[in-house]
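Chemist: Below is one structure. I have some questions about it.
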Amino acid sequence: MDRDRSWSAGIILLVTALVIAFGLGGCQAIDRYVSMKQDFKAKETGAVQEELPVEEVSESQLTAELDLDNLNFLEEQFILTLYFADPKGQNLIAEERSIPKTESLARSAVQELIKGPGLAGGSLPTVPAGTRLLDINIKDGVCIVDLSKEFKTNHEGGSAGETLTVYSIVNTLTQFPSVEKVQFLVEGQYIDTIAGHVDVSEAMARHNTMIVE
């Protein structure tokens with residue numbers, strides 16, 4: 001009895017498929033019928049997942065978003081001009097460096113000088129190794145820079161080297177409109193000279209003639 005029912009159900013299913021196939025147009029209709037049958041079974045088993053619409057982003061929209069990201073990045077950066085010794089150790093050459101925007105650009109400038117020059121330009125460091133920035137203040141156009149004792153004790157000496165050290169800091173700091181001169185302190189004390197050649201007892205003004213392209 002069960003076998004006869006199964007056989008009859010198979011015949012009915014086959015006839016239905018043929019009717020749909022001829023009525024709707026050949027193989028395309030059969031494929032549609034099979035798809036409908038699969039969907040019906042899937043619904044019965046609860047396996048159907050609703051497809052979510054995919055949001056399309058045009059190339060122009062994507063480019064605009066990338067440009068906005070770049071603009072936001074640039075707005076959060078500041079370009080400093082730092083002065084280091086040229087490869088011959090006779091003059092100063094400029095190096096531009098991008099840093100995050102900060103409330104104390106003068107402090108950041110000195111700290112970047114202490115780090116030394118980049119590798120690409122071939123320039124030489126001017127601040128003695130181990131030097132630390134202890135404090136920095138700007139008052140009435142004078143930037144007072146307080147450096148650790150290594151600024152004196154670790155300096156290699158020589159008139160040219162000492163001059164480059166002084167004016168690499170002075171010329172770097174006087175790029176800011178609020179700074180006209182730079183006064184050097186070491187461990188909170190005024191000093192007459194770093195290594196015996198350049199008088200730094202008074203505030204120092206910018207010296208552009210030492211800068212070469």
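Chemist: Which one of the conditions (1) surrounded by 15 or more Cβ atoms within 10 Å (Cβ to Cβ); (2) touching a Lys or Arg at 6+ places or on another chain (Cβ under 7 Å) does residue 141 fail to meet, given that it meets all the rest?
Modeler: It is condition (1) that residue 141 fails.
Chemist: Now, a different point. Pull up region 136-156, narrow it to residues that are free of Cβ contacts under 8 Å to residues at least 40 places away in the same chain and touching a Gly at 6+ places or on another chain (Cβ under 8 Å), then point me to the one that is farthest from residue 110 (Cα to Cα).
Modeler: Applying the filter and picking the extreme gives 154.
Chemist: Could I ask something else about it? Name every residue in region 184-203 that is touching a His at 6+ places or on another chain (Cβ under 7 Å) and open to solvent by 20 Å² or more (accessible area, probe 1.4 Å), in order of residue number.
Modeler: Listed by number, the list holds a single entry, 195.
Chemist: Answer yes or no as to whether residue 209 is out of contact with any Pro (no Cβ under 8 Å at 6 or more places or on another chain), β-branched (Val, Ile, Thr) and exposed (fewer than 14 other Cβ atoms within 10 Å of the Cβ).
Modeler: yes
Chemist: Next question. Quick one: in region 85-132, which of the residues that are free of Cβ contacts under 8 Å to residues at least 40 places away in the same chain and among the hydrophobic types (A, V, I, L, M, F, W, C) is farthest from residue 186 (Cα to Cα)?
Modeler: 120
Chemist: Can you give me the number of residues within region 106-117 that are open to solvent by 20 Å² or more (accessible area, probe 1.4 Å) and of a type in the set (Val, Ile, Thr)?
Modeler: So the answer is 1.
Chemist: Among the residues of region 157-180, is any modelled with pLDDT of 95 or more, open to solvent by 20 Å² or more (accessible area, probe 1.4 Å) and of a type in the set (Asp, Glu)?
Modeler: yes
Let's see how each residue does on (1) at pLDDT 95 or above; (2) closer than 15 Å to residue 84 by Cβ; (3) surrounded by 15 or more Cβ atoms within 10 Å (Cβ to Cβ):
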| position | (1), (2), (3) |
| --- | --- |
| 119 | no, yes, no |
| 150 | yes, no, yes |
| 154 | yes, no, no |
| 182 | yes, no, yes |
| 205 | yes, no, no |
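The values are calculated or read from the model by the stated rules, or taken from the named source; none is laboratory data. Bear in mind that the values here come from a model prediction, so they are computed numbers and not experimental data. Positions of Cβ are backbone-derived with ideal geometry, glycine not excepted, and every protein chain shown enters the neighbour counts. Note: areas computed on protein heavy atoms with side chains; ligands, DNA, RNA excluded. Shrake-Rupley method; radii C 1.70, N 1.55, O 1.52, S 1.80 Å.
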